[in-house]
Amino acid sequence: ETKKALEQKHLLMTFDDQNLASYVALHGWDSPMPPKSFNPADDTGATRDFLAISEANLGANKANRQIMREIFYEMTIGRDADLVGKLTISYANESQAETWPAGKYVNYLRVYVPFASGLLEIDNAGNTDIDQVEITNQGNLTTFATYVEVPVKSTRGITFTYRIPKNIKLETAPTYRLYVSKQPGTDRDPFTFTFNLPQNLQIENVNGKPDQQDQQNLTIQTDLSTDRQFEIEV
C-alpha cells in the first residue's frame, strides 16, 4: 500500500507546487538528509549521532537486484565519554555471470555522519589507503565517499572507523541517541548495532527500558526496513 511504501522509502515524492511540497516535507516523504525531525548537531538533552549510506551503481547494469548487504555499526565510548564509530558494510554479489542485466557491482558509496567527524581508518577489501576516500562537510553532516567493487559470485566488505567530535554530557544529559536513515529503494538490509562503554560507565536504560541496566556492552540485531532510532542513557 502507498502509506507503507512511503514509510519504507520505496516511494519518494517531490512537487513544484509549494503547498504540496510543504505537505510532503512535513511528513518526510521527500527523504531529506538528515530528516527534518532529527538535527544531528542539536545535542540538547542527548548527544546525537547520525548514520546513512547512499549507493550509486556506475556499472551500466542492474546488479543491484543481485546484491545482498549487511550493515554493522559499532559505537565505542571512551573514558572521557568521547565517541568513535565503526561502520562495516558487507556486500555479496549473487550474479552468476557478467552478462547484462547482472554483472560486477561498481558502487560509488557515500556515508553520512555527524559534521566534522574525522576518518581514522579505512579498509576497502584490503585497501587501507585513507586517500581513496573523499571527505566533504556540508550543512550539519560530513560525507565519506569512495568506490566499492563487488565481482560476480563474490563477497566484499568495507569498514570506516571515525571519531565524532562530541562527548556524552555525563553531568547534565548522560544520553546517547542514534538515528539510522534507511537507504531508499532497499528492502530489509540486516542491521547490527553494538554499543560499548568503558569500565567507569554502565547502561541505565535503552529506549526507556531497563533490561540492559548495569551492562557495559550492548548488541541489537534488527533490519533497515525503515529508519531506526536508538536512545541509551548511561
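Calculate, for Tyr147 and Thr172, the FRET efficiency according to 1/(1 + (r/R0)^6) with r their C-beta to C-beta distance and R0 45 Å; round to the nearest 0.05. Between Tyr147 and Thr172 the formula returns 0.60. Please grab the % of Cα pairs in the chain that end up more than 21 Å from each other. When every Cα pair of the chain is considered, 60 percent fall beyond 21 Å. Think of it as helices only: each DSSP H run of n ≥ 4 in the chain is worth -39500 (n - 2.57), and spread over all residues that comes to -2000 deg cm²/dmol at 222 nm. Summary of the geometry: the stretch 194-234 and the stretch 90-108, compared by the centres of their Cα atoms, lie 35 Å apart. Using a cut-off of 11 Å between beta-carbons, work out the net charge of the residues near Glu233 (Lys and Arg +1, Asp and Glu -1, Glu233 not included). So the surrounding residues net to 0. As a fraction of the 1.4 Å probe accessible area of the chain, surface on carbon and sulfur atoms comes out at 45 percent.
Of all DSSP-defined beta bridges confined to the chain, some 85% are antiparallel rather than parallel. Diagonalising the gyration tensor over the Cα atoms of the stretch 88-129 and scaling each eigenvalue by 5 before taking the square root yields semi-axes of 29, 13, 8 Å, largest first.
Near Met68, once Lys and Arg are set to +1 and Asp and Glu to -1 for all other residues with Cβ below 11 Å from its Cβ, the sum equals -1.
For the chain, the per residue solvent-accessible surface stands at 52 Å², with DNA, RNA and ligands left out and a 1.4 Å probe. Note down the Stokes-Einstein diffusion coefficient of the stretch 87-191 in µm²/s, whole number, using a Kirkwood radius over alpha carbon pairs, 20 °C, and 1.002 mPa s. Estimated diffusion coefficient is 135 µm²/s. The charge dipole of the chain, taken about its Cα centre with unit charges on the Cβ atoms of Lys, Arg (+1), Asp and Glu (-1) only, comes to about 400 debye.
The values are calculated or read from the model by the stated rules, or taken from the named source; none is laboratory data. Computed from a prediction, not measured in an experiment: that's the story for all the values here. For neighbour counting, all protein chains shown are included, and Cβ atoms are generated from backbone atoms with ideal geometry for every residue, glycine included. The area values use the complete protein model at the heavy-atom level, side chains included, leaving out ligands, DNA and RNA. Shrake-Rupley method; radii C 1.70, N 1.55, O 1.52, S 1.80 Å.
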